[in-house]
Amino acid sequence: MEEKLTFTQEELSEIEHIVSHLREAIGLSLEKDDETRLGQFIRQAINDDHIHRDVFGLNPVLTSLQTAQIAVDEIGLSRDGVIATLLYSSFSEEDEVTDNIQEKFGKNVAHIIHGLAKIQKLYDKNPVIESENFRNLLLSFAEDMRVILIMIADRVNIMRQIRDTKHMEAKLRVSEEANYLYAPLAHKLGLYTLKSELEDLSLKYLEHDAYYMIKDKLNATKRARDTYIANFIGPIEKKLEEAGLKFHIKGRTKSIHSIWQKMKKQRCAFEGIYDLFAIRIILDAPEQKEKQQCWQAYSIVTDMYQPNPKRLRDWLSVPKSNGYESLHITVLGPEKKWVEVQIRTERMDDVAEHGLAAHWRYKGIKSSGQMDEWLANIRAALEAGDNLQVMDQFRMSLSPEEVYVFTPKGDLLKFPSDATLLDFAYRIHSKVGNTCIGGKINGKVVPIRHQLHSGDTVEVLTQNNQSPKHDWLNIVKTPKAKSKIRLALKETTVKDGLYAKELLERRFRNKKIDIEENYMGHLIKKLGFKEVSDFYKQISDGKLDPNEVIDKYLEVRDHILNGGREHEARSAEDFEYESREEELAKESEDILTIDQNLKGIDYQLAPCCKPIYGDPIFGFVTVNGGIKIHRQSCSNAPELRRRFGYRIVKARWSGKNSSKYAITLRVIGNDDIGIISNITNIISKEEKIIMRSINVDSNDGLFSGNLVVQLEDTTRLHYLIKKLRSVKGVKQVERI
């Protein structure tokens with residue numbers, strides 16, 4: 001059993017100092033009895049033995065106060081955030097949040113503590129911390145953003161305190177989390193100073209030698225760096241003063257973590273990193289003259305030092321989407337060294353210092369859509385000052401777009417917000433999805449259509465006799481699950497069809513009756529089936545009796561045979577001309593008709609000739625039983641007919657086409673300026689033609705290229721070829 005918490009004299013002294021500081025910083029936002037109730041609550045928790053030193057031997061009461069000080073001084077939280085921070089380590093059961101804390105300190109404080117407890121439960125599942133999914137899940141769990149801000153402040157504080165700890169395993173784990181999780185979170189929320197500190201400290205603990213090597217090099221070169229900066233800015237200060245501008249200039253050395261990342265990325269030594277620092281000119285300018293004075297300072301600097309035009313970044317004329325405004329230029333200073341100079345006003349600098357600095361945001365995590373809009377609101381609240389009651393309005397807007405759930409092993413997966421248990425099953429494996437009968441979410445049994453929510457732990461239940469149903473397509477929401485279900489249904493249809501066909505053929509053989517496809521085709525049509533696969537499916541499902549099919553087959557056969565004899569001989573003049581369409585209609589039972597509704601037959605468009613809708617075609621039965629559709633003009637057609645004539649099947653297109661087919665065009669022409677642009681412009685202007693790729697070679701004034709386009713039929717193809725041939729300089733266009 002752990003010993004009851006006691007305080008050292010040094011801890012008591014530091015606690016007294018921090019309490020005094022917090023009282024001065026947020027005293028105006030505190031309510032009358034807050035301090036008294038807070039003290040009583042913490043003392044009661046100590047007496048009830050709810051508070052113990054952590055794995056590092058740190059005092060939780062002191063740690064909470066240090067965290068609260070960081071949250072106030074470096075983030076800007078006030079009464080509710082501070083009280084929640086101090087109370088969280090003191091309560092034993094979550095019920096106390098509603099039963100006790102809410103009554104004494106209000107709904108907001110209870111809400112924040114509830115969020116902290118919720119995230120602690122998330123941690124208990126031991127997820128993979130080093131993932132963007134976990135960071136987003138954490139954000140979605142934080143119903144009040146102060147939860148995340150307190151967590152960041154707490155991690156910064158712990159990283160400061162564990163420098164000399166002997167618990168190396170815990171120290172490394174905490175440092176890895178700081179690097180992979182908390183630094184990116186601070187980054188997302190615009191807390192640049194805390195982000196840099198977390199990165200530097202994690203590097204210090206995880207890669208000790210690299211950290212101190214860079215630190216020592218920076219210290220060794222500090223005097224030379226300071227001298228260089230003084231020599232660089234001296235002439236600039238003089239010119240700016242002569243121009244009557246009010247300003248101050250400061251130099252900023254890159255963080256140790258940033259330098260280490262550059263060294264690894266560029267694969268060079270410390271001496272190979274030239275931009276170790278940046279010069280910042282901060283102008284004290286009235287708002288209406290900000291741009292004017294910034295450009296004036298820019299002119300003065302570039303008159304004195306040669307600028308690199310490729311490195312000009314003008315976020316003054318068009319500020320970045322996050323509100324960042326500044327001019328960045330790189331100039332060639334003394335000793336032929338490149339120096340970055342940033343020019344901005346006091347107002348712009350204040351915004352940047354509060355987390356909107358673009359030069360770290362665009363190097364880190366990039367988020368989009370709702371996340372950016374949401375973070376902009378958070379930053380606006382942070383800039384509002386000490387009164388952060390507006391924070392209470394914020395709720396995470398990730399949930400309408402996506403959810404994050406755990407597998408039983410603790411892996412974290414992302415799904416659309418309306419995804420179901422069946423989507424999860426197919427995400428694990430096709431076989432798991434195909435045999436899914438339901439599942440357990442957080443230990444509770446649920447059906448396959450149950451909707452997923454962030455933080456759920458999902459387990460799939462299966463049965464070997466389960467198989468996909470057609471209505472499953474309406475249950476799943478992810479394209480991956482839909483495609484797997486369609487594939488399974490198609491395989492089932494083919495398998496059932498083969499089984500039914502084999503069964504029927506066996507019954508025919510038992511009765512010593514030969515099956516002729518011509519008569520069977522008439523029978524299937526007479527029974528009202530449009531698709532052969534539907535006919536065999538009825539047999540496999542037991543809805544159609546094979547013996548009844550045989551009886552009806554004999555009726556059809558006898559009728560056709562007898563009907564043929566009853567006709568008297570007629571002269572040629574009695575016959576009427578039949579159109580080609582009527583002829584095809586009569587032969588339809590012998591011709592494979594290709595359209596998007598064809599089911600039960602495994603067919604593919606041959607890759608050798610890539611037929612499209614409208615091409616004259618034929619089918620070739622492969623050794624696997626499937627059918628390859630070739631163009632009549634296919635280069636392989638003569639050999640196929642000569643060697644495998646018995647496997648050739650007549651085929652034609654039918655129905656109104658709605659598919660798009662990829663074809664390749666070979667284009668040859670003069671290598672003139674703009675000719676490729678003219679060709680691609682023609683394609684892009686065609687509404688129903690899509691260009692997929694273009695590959696062009698040039699030699700001796702001629703170019704030859706392959707265009708891959710998607711179109712609907714041969715009519716569009718012939719139209720496109722005609723248009724391309726009309727381009728000036730094009731000599732040849734042909735389909736390959």
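The values are calculated or read from the model by the stated rules, or taken from the named source; none is laboratory data. Given the structure is predicted, the values throughout are model-derived calculations rather than measurements. Neighbour counts run over all protein chains shown; Cβ positions are idealised from the backbone, glycine included. Ligands, DNA and RNA are excluded from the accessible area calculation, which covers all protein heavy atoms including side chains. Shrake-Rupley method; radii C 1.70, N 1.55, O 1.52, S 1.80 Å.
Conditions tested, residue by residue: (1) within 24 Å of Y123 (Cβ to Cβ); (2) among the basic types (K, R).
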| site | (1), (2) |
| --- | --- |
| K431 | no, yes |
| T435 | no, no |
| N442 | yes, no |
| W472 | no, no |
| V476 | no, no |
| K480 | no, yes |
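Taking each residue of segment 201-217 that is more than 15 Å from S255 (Cα to Cα) and without any contact (Cβ under 8 Å) to a residue 60 or more places away in the chain and looking for partners that are open to solvent by 30 Å² or more (accessible area, probe 1.4 Å) and among the polar types (S, T, N, Q) with beta-carbon atoms closer than 9 Å, six or more apart or interchain, yields L206/N179.
Inside segment 504-521, can you point out the residues that are farther than 14 Å from I550 by Cβ and either modelled with pLDDT of 85 or more or within 53 Å of the chain's Cα centre (by Cα) (or both)? Don't jump to the end; show me each part of the working.
First, the residues of segment 504-521 that are farther than 14 Å from I550 by Cβ: 517-518, 521.
Selection gives E517, G521.
Within segment 531-548, not a single residue is among the small types (G, A, S), free of Cβ contacts under 8 Å to residues at least 40 places away in the same chain, within 28 Å of N434 (Cα to Cα) and assigned to a helix (DSSP H, G or I). Pairs are defined by a Cβ separation below 8 Å, a sequence spacing of at least 6 or placement on different chains, a first member in segment 261-273 that is exposed (fewer than 10 other Cβ atoms within 10 Å of the Cβ), and a second member that is of a type in the set (F, W, Y); no pair meets this definition.
What are the residues in segment 189-241 that are under 25 Å from T165 (Cβ atoms) and hydroxyl-bearing (S, T, Y), if any? Listed by number, the residues that qualify are T193, S196, S202, Y205, Y211, Y212.
Sub-6 Å Cβ pairs linking a first residue in segment 680-703 that is farther than 15 Å from R666 by Cβ and among the aliphatic types (A, V, I, L, M) to a second residue that is open to solvent by 70 Å² or more (accessible area, probe 1.4 Å) and not in a strand (DSSP E or B), at least 6 apart or interchain, are I682/K723, ordered by first then second residue. A Cβ distance below 7 Å, combined with a sequence gap of six or more or placement on separate chains, defines the contacts here; from segment 710-736, residues that are at negative phi reach residues that are polar (S, T, N, Q) and open to solvent by 40 Å² or more (accessible area, probe 1.4 Å) in the pairs V727/N678. Candidates are the residues of segment 244-257 that are in contact (Cβ under 8 Å) with a residue 24 or more places away in the chain and open to solvent by 40 Å² or more (accessible area, probe 1.4 Å); the one that is nearest to G333 (Cα to Cα) is G251.
Of the residues making up segment 516-528, not a single one is among the acidic types (D, E), open to solvent by less than 50 Å² (accessible area, probe 1.4 Å) and part of a helix (DSSP H, G or I). Checked against the criterion of being crowded, with 17+ Cβ neighbours inside 10 Å and within 20 Å of Q9 (Cβ to Cβ), segment 23-37 contains not a single residue that satisfies it. A count restricted to segment 705-724 and to residues that are open to solvent by less than 30 Å² (accessible area, probe 1.4 Å) and assigned to a strand (DSSP E or B) stands at 4. Residues in segment 644-674 that are hydrophobic (A, V, I, L, M, F, W, C), at pLDDT below 85 and within 24 Å of L702 (Cβ to Cβ): I673 alone. Among the residues of segment 613-622, is any at pLDDT 75 or above, open to solvent by 50 Å² or more (accessible area, probe 1.4 Å) and small (G, A, S)? Taking every residue of segment 613-622 in turn, none turns out to be at pLDDT 75 or above, open to solvent by 50 Å² or more (accessible area, probe 1.4 Å) and small (G, A, S).
Scan the helices (runs of 4 or more DSSP H) fully inside segment 370-455 and keep the ones with 3 or more residues being at pLDDT below 75. Helices (runs of 4 or more DSSP H) meeting the threshold: 370-382.
Just to confirm my filter: which helices (runs of 4 or more DSSP H) fall fully inside segment 254-355 and include at least 1 residues that are touching an Asp or Glu at 6+ places or on another chain (Cβ under 8 Å) and under 27 Å from G76 (Cα atoms)? Show your work before the answer.
Values: elements: 256-266, 290-304, 346-351.
Because the criterion is at least 1 residues that are touching an Asp or Glu at 6+ places or on another chain (Cβ under 8 Å) and under 27 Å from G76 (Cα atoms), the helices (runs of 4 or more DSSP H) in segment 254-355 that meet it are 256-266, 346-351.
Residue count for segment 198-220, restricted to those that are assigned to a helix (DSSP H, G or I) and open to solvent by 50 Å² or more (accessible area, probe 1.4 Å): 10.
Within segment 228-241, can one find any residue that is in a helix (DSSP H, G or I), in contact (Cβ under 8 Å) with a residue 12 or more places away in the chain and open to solvent by 70 Å² or more (accessible area, probe 1.4 Å)? Yes: one or more hits.
Could you tell me whether segment 682-697 includes any residue that is part of a strand (DSSP E or B) and among the charged types (D, E, K, R)? Yes - at least one qualifying residue is present in segment 682-697. Going through (1) open to solvent by less than 20 Å² (accessible area, probe 1.4 Å); (2) hydroxyl-bearing (S, T, Y); (3) modelled with pLDDT under 85 one by one, T98 falls short only on (1). Residues in segment 472-486 that are among the charged types (D, E, K, R) and open to solvent by less than 80 Å² (accessible area, probe 1.4 Å): K482, K484. Write out, first by first residue and then by second, each pair whose Cβ atoms fall under 7 Å of each other, whose residues are 6+ apart or on separate chains, and whose first residue, in segment 472-496, is part of a helix (DSSP H, G or I) while the second is among the acidic types (D, E). As it stands, the answer is A481/D423; V494/D602, since those pairs meet every condition given.
Checking each residue in segment 408-425 for being more than 19 Å from the chain's Cα centre (by Cα) and farther than 18 Å from P479 by Cα picks out P408, K409, G410.
Looking only at segment 25-43, residues that are free of Cβ contacts under 8 Å to residues at least 24 places away in the same chain and among the polar types (S, T, N, Q) come to 2 in all.
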